[in-house]
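Laboratory data are not the source of any read-out in this text; all were calculated from the coordinates shown. If you're wondering where the values come from, they're calculated on a predicted model, not measured in any experiment. All Cβ positions, glycine included, derive from the backbone under ideal geometry; neighbour counts span all protein chains shown.
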Amino acid sequence: MDAVVPLRIQILSIMGSVFFLMLIGRLILKGKLREEYAVIWAVCTVVLLVLSFWRTGLERVAAFLGVFYAPSLIFLAALFGIAVFLVHLSVVATRLEHQNRLLAQDLALLRNELRESQKV
């Protein structure tokens with residue numbers, strides 16, 4: 001019975017990874033996900049897919065890195081990835097805010113020029 005449960009979990013994780021990879025591909029084709037983000041999501045999904053097929057891979061990587069409890073390595077990697085992604089999104093949001101301010105200023109100048117030209 002013990003050997004069946006890990007096999008079920010392995011099959012479920014493989015199916016989930018393949019489904020998520022197909023979802024990423026669909027979002028790219030529909031133009032709803034930019035390529036720069038798609039690469040990140042695809043790489044993460046492929047890593048999960050590899051770990052789903054390679055049962056002892058996580059334990060070997062954890063032992064190599066000196067991590068005692070192998071599943072905690074997944075959480076550590078996820079937290080690190082989330083932190084990096086949040087910093088990236090902060091940089092993008094700051095850039096967009098700056099561009100938005102410049103566009104608003106340009107629009108105000110153009111409206112002012114239009115009013116001035118209509119007065120004459």
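Descriptive notes on the structure:
- With a Förster radius of 22 Å applied to the beta-carbon distance between ARG8 and TRP41, the computed FRET efficiency rounds to 0.30.
- Note that the range 14-29 has calculated 3J(HN,Hα) couplings of 5, 5, x, 5, 5, 4, 5, 5, 5, 5, 4, x, 5, 5, 5, 4 Hz, one per residue in order, obtained from phi through the Karplus relation 6.51 cos²θ - 1.76 cosθ + 1.60 (θ = phi - 60°); glycine and proline are x.
- The chain - convex hull of alpha carbons, volume per residue in Å³: 127
- Working note: Karplus 6.51/-1.76/1.60 with θ = phi - 60° gives the range 47-55 the couplings 4, 5, 5, 4, 5, 5, 6, 9, 4 Hz, where Gly and Pro are set to x.
- Per-residue ³J(HN,Hα) for the range 107-120, Karplus 6.51 cos²θ - 1.76 cosθ + 1.60, θ = phi - 60°, Hz, x for Gly and Pro: 4, 5, 5, 5, 5, 5, 5, 5, 5, 5, 6, 6, 6, 7
- Here is the size of the range 66-120 from its Cα atoms: Rg then Dmax, 23.6, 79 Å.
- For the chain, averaging the sequence separation of C-alpha pairs within contact (under 8 Å, six or more residues apart) and dividing by the residue count gives a relative contact order of 18 percent.
- The stretch between LEU86 and ARG34 holds 17.1 nm of extra length on full extension. This uses 0.36 nm per residue minus the Cα-Cα distance.
- Using just its DSSP H runs of length 4 or more, each adding -39500 (n - 2.57), the chain gives a mean residue ellipticity at 222 nm of -31000 deg cm²/dmol after division by all residues.
- Whole-Å distance, taken between Cα centres, linking the range 41-74 and the range 86-109: 38
- One chain, two ends: ARG101 and LYS119. Fully extended at 0.36 nm per residue, the span grows by 3.8 nm beyond their Cα-Cα distance.
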